[in-house]
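Encoded as structure tokens, the structure appears first; notes follow it.
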DNA sequence: GCGATCAGCGCG
DNA sequence: CTTCGTGCTGATCGC
């Protein structure tokens with residue numbers, strides 16, 4: 001292989017020669033590790049299939065490329081493919097090679113600490129249950145809770161009674177055991193998936209974790225991340241967030257995090273042109289507080305009985321729910337209220353945000369007519385479920401039709417930003433590195449001398465990636481690790 | 001011994 | 001029946 005690379009090096013490095021292939025990112029990474037550059041325009045068949053939704057097969061790669069070029073043109077997806085997805089492949093290869101540093105000693109310590117806490121919880125659980133069993137087995141746990149202790153089963157699964165979080169939460173009012181199980185689960189998840197799990201991925205040579213960023217997996221255009229997944233590092237609980245402290249920049253460097261603020265709702269405002277939503281963003285209001293004030297007007301009867309804080313929480317849940325096509329039933333579960341009350345809230349929302357209501361109706365009609373929905377850059381998701389005999393499937397199809405253009409357009413935006421940032425770093429010959437993308441956030445390992453220039457320029461490049469009808473805002477934070485950012 | 005599936009749970 | 005998109009772990013089942 002080494003000899004072959006030497007032989008072809010001139011061709012690989014020739015900017016004028018286009019490169020066709022399947023999963024080119026892999027090849028770029030392999031070559032980069034041998035210090036060989038792959039230059040020239042790229043055409044990845046796998047990405048063309050992903051973008052177009054067509055599965056073309058022909059005897060030789062040239063005819064396949066030719067056919068995909070035709071479809072890309074026909075679908076109006078040339079910009080998306082040639083200017084967004086293909087350049088992004090190189091950016092992702094760069095990120096994978098960059099990797100992210102973790103404090104191995106810190107994680108090993110955390111592992112020992114968690115072992116101790118888990119042991120104590122196990123003993124308490126066995127004592128309460130009156131026997132030793134495998135706490136990780138739903139089957140065995142189910143027997144203990146619902147047969148031996150005769151606690152009321154709240155919810156079913158395909159195969160038996162559910163023992164999930166919300167059920168145990170409910171049961172902890174009746175008995176101390178469920179609460180202990182919940183605590184055990186939190187710690188066990190942290191130790192197995194994050195502490196021990198992450199340690200097993202630390203590369204011996206670089207001392208870093210090098211995950212894979214998958215470009216052709218999701219139905220919406222988002223990236224996914226695996227081996228390990230670094231897009232779901234805990235943050236919501238105090239114990240969980242301690243995992244973040246293990247991620248740190250390389251020597252003397254500093255982490256910079258750039259975060260799109262409320263990007264989903266800004267995109268909804270852009271797509272729907274809703275008057276109230278747009279106005280809130282133009283006035284740089286806290287969107288959930290503003291929504292609360294709009295759906296609970298101060299003089300209305302039904303706004304009494306809730307504190308301002310509760311109103312904001314309700315508004316926040318509705319705001320997220322809207323993007324997912326949430327039903328009154330779903331909202332009621334989330335807010336612990338009756339479906340009737342939830343329905344009143346949703347009606348009130350749509351009465352005020354008429355543009356959003358109209359947009360949702362329009363996008364569903366469009367999806368039914370075309371068989372697909374699109375993002376700002378023309379990314380498509382075909383929704384065959386809309387034609388299903390099954391009502392549930394059709395309802396699912398409608399929710400997808402609402403959600404995909406929002407989630408997918410946000411993905412378009414951050415992808416364009418990543419490309420522009422990469423190009424900028426190259427031009428300026430910056431040494432700092434992009435290490436993670438977490439859907440609406442970019443994390444950089446930054447050299448001190450590049451701090452100022454990066455802070456200003458990355459922020460601008462992100463905010464200006466795709467122009468919306470409302471302002472786009474990026475929040476910048478910095479710190480010594482992935483936990484302590486401000 | 002190994003892959004597939006299920007339940008559960010971490011993130012945006 | 002009822003909120004979108006992911007990936008990983010551990011238990012279990014069937015080959």
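Compute the Cα gyration tensor for region A:265-408, then decide on rounded, prolate or oblate, letting a ≥ b ≥ c be the square roots of its eigenvalues: rounded whenever a/c is under 1.5, prolate when a/b is larger than b/c in the other cases, and oblate in all that remain. If you can, show how the numbers build up before the last one.
Numbers: a/c = 2.54, a/b = 1.50, b/c = 1.70.
In terms of gyration-tensor shape, oblate.
What Rg and what Dmax come out for region A:5-75 when only alpha-carbon atoms are used, in angstroms?
For region A:5-75, the Cα-based Rg and Dmax read 13.4, 40 Å.
With the cut-off at 1.5 for a/c, could you classify region A:66-199 from its C-alpha gyration tensor as rounded, prolate or oblate?
Judged from the Cα gyration tensor, region A:66-199 comes out oblate (a/c at least 1.5, b/c at or above a/b).
What whole number of Å gives the distance from the Cα centroid of region A:146-188 to the Cα centroid of region A:230-275?
Cα centroid to Cα centroid, the span is 31 Å.
Once label points are set 7 Å from the Cα along Cα→Cβ at both residue A:156 and residue A:276, what is their separation, rounded to one decimal in nm?
Inter-label distance under the simple model: 4.0 nm.
Figure the gain on full extension for residue A:128 and residue A:66 (residue separation times 0.36 nm, minus the Cα-Cα span) and round it to one decimal in nm.
Full-extension gain reported as 15.5 nm.
Checking the a/c ratio against 1.5 first, then a/b against b/c, what shape does the Cα gyration tensor give for chain A?
oblate
Where a number appears in this text, it was derived from the coordinates with a stated rule and is not lab data. Since the model is a prediction, treat every value here as computed from it, not as a measurement. Cβ atoms come from the backbone with ideal geometry, glycine included; neighbour counts cover every protein chain shown.
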